[in-house]
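The values are calculated or read from the model by the stated rules, or taken from the named source; none is laboratory data. Here the structure is a predicted model, which is why all the values come from computation and not from measurement. Here the Cβ positions follow ideal geometry from the backbone for every residue, glycine too, while neighbour counts run over all protein chains shown.
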Amino acid sequence: MGKYFGTDGYRGEANVSLTVDNAFKVGRFLGYYFSREKKANVLIGKDTRRSSYMLEEALSAGLTASGANVYLLHVTTTPSVSYVVRTEDFDLGIMISASHNPYYDNGIKLINSAGHKMEAEVEQLVEDYIDGIYGDIPLAKRDDIGFTVDYAMGRNRYIASLIATATRSFKGKRVALDLANGSASSIAKAVFDALGAKTFVINDQPDGTNINKECGSTHMEGLIRFVKENGMDAGFAYDGDADRCLAVDEEGNLIDGDKILYICGKQMKEEGKLTNNTIVTTVMSNIGLYKALDEAGINYEKTSVGDKYVYENMMKNGHSLGGEQSGHIIFSKHARTGDGILTSIKLMETVMETKKSLSELAKPVTIYPQVLKNISVKDKKATLENKAVKEAEEKVRKELGDSGRILLRASGTEELVRVMVEAEKNSICNKYVDMVIDVIKKEGLTS
């Protein structure tokens with residue numbers, strides 16, 4: 001990861017670590033870089049944060065000043081930007097969003113012409129330009145200056161593509177949607193209405209400061225309560241830019257990303273659509289998912305945390321389904337990134353196809369208690385390679401056997417080591433997490 005761009009773009013507090021000046025420079029460089037051979041066409045989408053409008057203007061100014069043409073999707077989802085970029089011959093896409101973060105944060109996500117997250121080499125060049133390392137680049141003049149146009153029709157085409165993806169009507173089903181006061185507010189209800197569901201929405205009144213605020217996929221309590229109190233067949237919650245989805249079954253139980261992977265993967269296997277009979281997960285997926293997949297005869301692979309790594313594995317090996325516990329689910333036949341609305345469609349299709357409720361479909365997956373604690377260290381690499389720490393980790397692994405697991409990993413952005421244990425009881429998890437942390441402290445590795 002670079003100085004500004006992490007695994008999910010350039011993210012930080014608006015006008016603090018992500019400034020208007022830097023957004024302008026991002027636009028200036030990208031407009032120049034992608035217009036070297038021909039005038040570039042750049043697609044921009046944004047979520048509902050107050051600062052998204054400000055950053056949209058800054059990016060547009062930088063891009064057009066360098067000679068690129070800008071097409072504005074306005075408030076839309078990250079997966080819609082990916083879809084429109086790859087299906088309508090754009091040179092790149094930009095999504096302005098900090099995903100599930102609070103409203104005062106924001107981000108700039110770069111998407112290449114194939115609809116994937118931008119290559120690290122290009123992000124590094126952008127960073128070099130921001131820091132003055134790359135050098136000066138020319139301004140466009142006269143008719144070489146780019147233009148900016150309204151391109152809301154692109155969002156409408158994405159909506160149509162989602163509707164066309166579904167193979168069954170949802171008629172007769174009562175579905176609740178928590179739109180997180182974010183990007184899904186402009187899309188999700190229209191899709192479910194068109195598919196015949198009786199659709200109920202909550203948190204669909206964005207005001208620029210309430211995105212993700214006690215709502216959406218990071219705060220499931222409200223949707224759980226709404227589903228139970230109003231007799232819904234299912235509920236779906238998205239995050240700020242709608243690339244995540246978590247669900248609630250008819251009894252008010254949480255269906256997290258691991259259970260979604262199981263439900264969809266099992267159905268795809270039965271339909272002969274689960275390529276290589278394999279689901280791609282991250283190292284944070286619950287041991288309960290793996291036990292259920294073993295029982296169902298489905299293979300799995302594990303990647304580092306981040307849907308970027310999940311997708312890279314899927315493309316390299318030709319897998320058709322992958323995702324994260326947090327609700328980033330990728331169906332590679334239809335999308336190049338996690339797509340929360342698509343995920344909810346796929347879950348409802350499985351309900352309709354099997355004539356089973358979400359609670360029945362998820363029943364084979366028993367989620368094990370999980371405890372994760374962070375500890376600040378002087379050097380995370382040295383901590384993970386420390387002999388005593390490795391011995392403590394191995395001791396826990398042997399004592400847990402098949403009834404649990406331990407995972408130590410470094411934070412991607414801070415000098416932190418994360419110690420995670422899954423076991424049959426919370427007390428067992430805490431016991432082993434604390435045991436390893438005590439060893440880290442005794443070795444003098446903490447900061």
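Points to keep in mind about this one:
- Members of the range 203-252 found to be assigned to a helix (DSSP H, G or I), more than 17 Å from GLU324 (Cα to Cα) and of a type in the set (S, T, N, Q), listed by number: ASN230
- Condition met for ALA194 (closer than 25 Å to VAL84 by Cβ and not assigned by TED's automatic domain parsing to the domain that holds CYS245): no
- In this structure, ARG142 does satisfy being over 23 Å from VAL310 (Cβ atoms) and either assigned by TED's automatic domain parsing to the domain that holds VAL26 or touching a Lys or Arg at 6+ places or on another chain (Cβ under 6 Å) (or both).
- Hits in the range 81-127 - residues which are charged (D, E, K, R), in contact with a strand residue (DSSP E or B) (Cβ under 6 Å, 6 or more places away or on another chain) and closer than 26 Å to LEU162 by Cα: ASP91, LYS109
- Any hit, the range 286-296, residues being more than 23 Å from the chain's Cα centre (by Cα) and of a type in the set (Asp, Glu): yes
- Elements of type helices (runs of 4 or more DSSP H) contained in the range 286-397, each with 2 or more residues being surrounded by 19 or more Cβ atoms within 10 Å (Cβ to Cβ) and touching a Phe, Trp or Tyr at 6+ places or on another chain (Cβ under 6 Å): 287-296, 340-354
- Verdict on GLY208 being under 21 Å from ILE330 (Cβ atoms) and not assigned by TED's automatic domain parsing to the domain that holds LEU55: no
- Every residue from the range 180-198 that is farther than 14 Å from THR78 by Cα and in a loop (DSSP other than H, G, I, E, B): ALA180, ASN181, LEU195, GLY196, ALA197
- Residues that are within 23 Å of HIS334 (Cα to Cα) and of a type outside the set (A, V, I, L, M, F, W, C) were ranked within the range 42-70; the one that is surrounded by the fewest Cβ atoms within 10 Å (Cβ to Cβ) is LYS46.
- One residue stands out among those in the range 152-177 that are part of a helix (DSSP H, G or I) and polar (S, T, N, Q): the one that is surrounded by the most Cβ atoms within 10 Å (Cβ to Cβ), which is THR165.
- Subset of the range 113-127 that is crowded, with 17+ Cβ neighbours inside 10 Å and touching a helix residue (DSSP H, G or I) at 6+ places or on another chain (Cβ under 6 Å) - its residue that is nearest to VAL84 (Cα to Cα): GLY115
- Some residue of the range 186-199 being over 25 Å from the mean Cα position of the chain (by Cα), of a type in the set (S, T, N, Q) and either at pLDDT 95 or above or closer than 15 Å to MET348 by Cβ (or both): no
- Restricting attention to the range 128-151 and to residues that are free of Cβ contacts under 8 Å to residues at least 60 places away in the same chain and either in contact with a helix residue (DSSP H, G or I) (Cβ under 9 Å, 6 or more places away or on another chain) or not in a loop (DSSP other than H, G, I, E, B) (or both), the residue that is nearest to GLY2 (Cα to Cα) turns out to be ASP128.
- Qualifying residues in the range 405-447 (those that are surrounded by fewer than 16 Cβ atoms within 10 Å (Cβ to Cβ) and basic (Lys, Arg)) - the one nearest to LYS378 (Cα to Cα): LYS441
Residues checked against (1) in contact with a strand residue (DSSP E or B) (Cβ under 9 Å, 6 or more places away or on another chain); (2) modelled with pLDDT under 95:
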{"position": "THR275", "(1), (2)": "yes, no"}
{"position": "VAL280", "(1), (2)": "yes, no"}
{"position": "LEU289", "(1), (2)": "yes, no"}
{"position": "ALA296", "(1), (2)": "no, no"}
{"position": "ASP307", "(1), (2)": "yes, yes"}
{"position": "ASN317", "(1), (2)": "yes, no"}
{"position": "HIS328", "(1), (2)": "yes, no"}
{"position": "THR343", "(1), (2)": "yes, no"}
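- Residues (free of Cβ contacts under 8 Å to residues at least 40 places away in the same chain and either outside the structural domain of TYR300 (by TED's automatic domain parsing) or within 22 Å of the chain's Cα centre (by Cα) (or both)) located in the range 231-265: LEU254
- Residue match in the range 78-90 (condition: in contact with a helix residue (DSSP H, G or I) (Cβ under 6 Å, 6 or more places away or on another chain) and outside any helix (DSSP H, G or I)): no
- Candidates are the residues of the range 187-220 that are buried (at least 24 other Cβ atoms within 10 Å of the Cβ) and touching a His at 6+ places or on another chain (Cβ under 8 Å); the one that is nearest to MET54 (Cα to Cα) is ASN212.
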